[in-house]
1. For the stretch 21-142, what is one quarter of the convex hull surface built on the Cα atoms, given in nm²?
2. Let me make sure I get this right: for the stretch 129-239, a, b and c are the square roots of the gyration tensor eigenvalues over alpha carbons, sorted descending. Under 1.5 in a/c it's rounded, otherwise prolate if a/b > b/c, else oblate. Which is it?
3. So, with +1 on the Cβ of K and R and -1 on the Cβ of D and E, and no other charges, what is the size of the charge dipole of the stretch 66-125 about its Cα centre, to the nearest 20 debye?
4. Given the C-alpha centroids of the stretch 165-232 and the stretch 400-465, what is the distance between them in whole angstrom?
5. Using a 7 Å offset from the Cα along the Cα-to-Cβ direction at both residue 159 and residue 22, what is the distance between the two label points in nm, to one decimal?
6. Work out how much length residue 399 to residue 187 would gain on full extension: take 0.36 nm times their residue separation and subtract the Cα-Cα distance, in nm to one decimal.
7. Ignoring ligands, DNA and RNA, what accessible area per residue does the stretch 379-498 give at 1.4 Å, in Å²?
8. Treating the beta-carbon of each Lys and Arg as +1 and of each Asp and Glu as -1, no other charges, what is the dipole magnitude of the stretch 41-186 about its Cα centre, to the nearest 20 debye?
Amino acid sequence: MNGSIPSVAPATNRPTRPISGLLSTAIVVVVGALLVHVLLETWAQVLSGPTSVDPRANLDGSAQWPKQLKTALYLGLAGLTVVKVVVDRLWHRFRTGADLALLVLGLVMVLAGLVNDSSMSLMGEALFVYFRGVIVFYALRAAELNATMIRRLLIVVAVVVSVNVLLALIQMVVGEPAYRVLGWVDLTWSEQSRAQGLLSHPNHLGHVLGLTMLGFVAWLAIATDVRRRWWAVAAVVAVAMSATQSRETLLGVLIGAVVIAVVARTNTRRVLAVCLLVVLCTVAQIAARPDNRAEWERRIGNAFTSFDHPAGSESSPPGPATARPTPTPTARPDDGSTTSGSPKASAKPPTSPGASGAGAPHGSPAAVAPQPTHSPAPVREIRVLYLQQAAKILPHQPLLGFGIGQFGGVVAEKDNPNWHKNPKFGPGGFNRYGFQAVQVDSFWLHLVMEVGVLGFGAYLVWLFMIAKPLLARTRQLRRTGHRPAPAVLWGIAAIIFACIVGFLSPSMEDPLLPPLLWTIVGLAWWAARRSTSIDQKEDGPTGIGGSAGAREDDTRILATDEILAHARQVRPPAGFR
């Protein structure tokens with residue numbers, strides 16, 4: 001058991017069994033179908049109708065066949081993976097440190113559920129939502145992939161992404177009619193001038209385009225020559241991404257690109273040029289669109305206000321009586337993510353008195369009487385309020401949290417719509433401040449509240465063990481004068497991207513991001529295994545799975561000591577052999 005990626009036979013030694021090749025092809029086909037499905041799922045629900053502006057109503061009231069088809073694809077992919085492993089006896093591929101870390105994480109999650117009275121069915125549903133995307137990762141590890149399979153898979157996904165880019169640009173230019181023609185019921189994002197394409201939330205489209213941009217940066221970092229048309233394509237994607245005004249996507253792309261530059265240590269200027277392009281497109285959107293500018297100002301102001309008036313301050317004893325009229329709040333849609341798979345993205349503003357003052361009486365100015373009490377707390381950022389509450393509640397059960405399936409997720413919402421009133425969270429429960437989305441708007445908050453610091457730590461260790469062999473492979477290639485495959489860099493950056501956006505959205509357990517993320521990571525592991533098995537003789541970029549920038553052949557005759565020293569340098573780390 002180690003943390004490295006087991007090597008595979010070179011590409012020329014294909015399995016001789018026809019069933020093995022068919023299973024590999026079937027796995028790639030199902031993965032492609034799954035990726036296309038999650039990119040179109042919420043729009044398919046809209047077309048199937050009826051839908052509501054309330055995401056919790058859509059949880060059970062909208063068309064269910066897209067969710068059922070998605071589940072069938074996951075289960076079918078899992079079945080194909082198991083059959084492939086059994087037929088080809090591939091058990092050795094799944095004895096890495098990452099696999100052990102996943103097993104430990106699963107046990108910790110189950111223990112957290114058991115000690116907090118989560119039922120077996122509830123734990124099963126919660127674990128499926130947490131890890132369904134990981135099925136894609138294991139399927140790609142089991143399949144005997146080749147460059148042609150991967151190219152076709154990426155082309156299919158690229159077509160759907162291109163359609164979303166085009167629609168985002170149309171929505172940016174045309175406005176509300178471009179949303180209505182697609183059947184969207186909730187026009188919140190149109191009012192905020194935020195493009196969503198065929199996805200339920202602008203953040204979701206931002207995540208897709210962010211991962212796409214990181215793939216371009218990864219290729220850019222190792223390419224010997226980049227034609228102008230690729231820069232033009234990157235500029236179009238950057239404009240579409242800026243039209244979503246997804247703040248977590250902007251952060252994730254910038255940090256992910258910096259990670260690529262640090263790991264690859266080549267073509268740094270190109271990577272920084274892409275970062276500058278992304279920032280300029282975002283700034284241009286803010287400057288040109290008053291709605292975007294007002295939203296940024298509002299969110300930043302609300303975040304600072306949340307620290308001046310933290311969660312719980314609205315119920316604190318009032319200070320000296322002050323005669324002041326009760327203000328009438330202005331309702332503004334929030335930016336929270338929506339329910340997993342919901343066909344719309346309504347996220348209503350807080351309506352409780354402690355959140356926005358919505359509980360104050362309304363009337364004409366003449367009817368407003370001075371009140372000898374403290375004023376209601378101002379509008380605050382919901383994510384900050386939730387984090388402040390969690391900081392007070394979690395110390396009561398810090399190690400294993402409050403049980404999987406019992407806090408702030410789609411599973412908890414379906415099992416008990418009043419999960420936030422659980423007395424385990426305190427006498428008043430967990431204050432949602434009128435937030436209408438099904439999931440709390442931070443994956444990491446949801447995770448730590450359900451599985452505690454032990455589960456949170458185990459999750460981070462698991463992600464590190466997945467990235468560790470990729471980082472080790474890039475270091476090894478640099479020592480020998482080679483550049484890593486772009487897929488390897490893409491996989492590392494995708495993990496960083498997912499961790500960043502997980503702070504500001506529930507994306508890592510949503511239907512969309514996990515299959516995309518684990519497809520990229522699966523391709524990264526394949527590229528790392530492949531680069532271990534084949535002699536790197538190529539010059540220049542060789543595609544998503546190849547090793548680019550191999551150094552020129554040295555024709556001088558080496559001494560014995562030099563040969564031995566070179567052999568020690570290129571010897572693959574344990575687990576690749």
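1. For the stretch 21-142, averaging the hull's shadow over all directions gives 9.2 nm².
2. oblate
3. The calculation lands at about 300 debye.
4. Each part's Cα centre sits 30 Å from the other's.
5. Here the answer is 2.5 nm between the modelled labels.
6. On the way: separation 212, 0.36 × 212 = 76.32 nm, distance 4.20 nm.
Separation in residues times 0.36 nm, less the Cα-Cα distance, equals 72.1 nm.
7. For the stretch 379-498, the solvent-accessible area averages 31 Å² per residue.
8. Working: 12 positive and 10 negative charges, 129 e Å.
I would put it at about 620 debye.
The values are calculated or read from the model by the stated rules, or taken from the named source; none is laboratory data. Note that the coordinates shown come from a computational prediction; the quantities given were computed from them, not determined experimentally. FYI the Cβ positions are ideal-geometry reconstructions off the backbone, even for glycines, and counts take in every protein chain you see. Please note that ligands, DNA and RNA were not included when accessible areas were found on the heavy atoms of the full protein model with its side chains. Shrake-Rupley method; radii C 1.70, N 1.55, O 1.52, S 1.80 Å.
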